[in-house]
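Participant: Starting off with a structure, shown below.
Computed from the coordinates by the stated procedures, all read-outs in this text should not be read as laboratory data. Remember, predicted model here, so these are calculated numbers, not experimental data. Don't worry about glycine lacking a Cβ; one is built from the backbone with ideal geometry, like all the others, and counts go over all protein chains shown.
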Amino acid sequence: MFLYYPLLPLQPPSSVDLTRINLQSTIAVNYWCQAFRCSETQLRNAVLAVGPLPADVQVYLNR
C-alpha cells in the first residue's frame with residue numbers, strides 16, 4: 001500500500017519529528033493537522049486509537 005502526505009510543506013519546521021506525531025507540541029499538531037486535512041480533535045483521537053506513527057494515523061483518518 002502506498003501512503004503519502006498530501007500537504008506536507010517542502011521543509012517542515014525543524015522541531016517537527018516526521019517519524020512520530022507529538023501531541024505535546026503545538027507546532028507539530030498544527031503541522032500534522034494541515035498535512036492530514038483534519039481537525040486537532042480528529043488528530044488526537046487518531047493518535048489515541050492507533051498510536052503516533054504518521055502512516056497508521058493516515059490510514060485511520062482515511063477509513
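Participant: Can you pull out the trypsin sites (Lys or Arg not before Pro) in the range 20-53 whose DSSP state is coil and whose Cβ has at most 14 other Cβ atoms within 10 Å?
Facilitator: Arg20, Arg37
Participant: With a sphere of radius 14 Å drawn around the Cβ of Leu53, what net charge do the other residues whose Cβ falls strictly inside it have (Lys, Arg +1; Asp, Glu -1)?
Facilitator: Residues near Leu53 contribute -1 overall.
Participant: Local charge sum around Ile21 (other residues, Cβ-Cβ under 14 Å, Lys/Arg +1, Asp/Glu -1)? The partial results should precede the final answer.
Facilitator: Values: positive: Arg20, Arg44; negative: Asp17, Glu40, Asp56.
Neighbour charge sum, excluding Ile21 itself: -1.
Participant: For the residue pair Arg63 and Arg37, what label-to-label distance in nm results when each label sits 7 Å from Cα along the Cα-to-beta-carbon direction?
Facilitator: Taking the simple label geometry, Arg63 and Arg37 are separated by 2.0 nm.
Participant: Stretched out fully, how many nm does the piece from Ala55 to Ser14 gain, at 0.36 nm a residue minus the Cα gap?
Facilitator: So the chain would gain 12.8 nm between Ala55 and Ser14.
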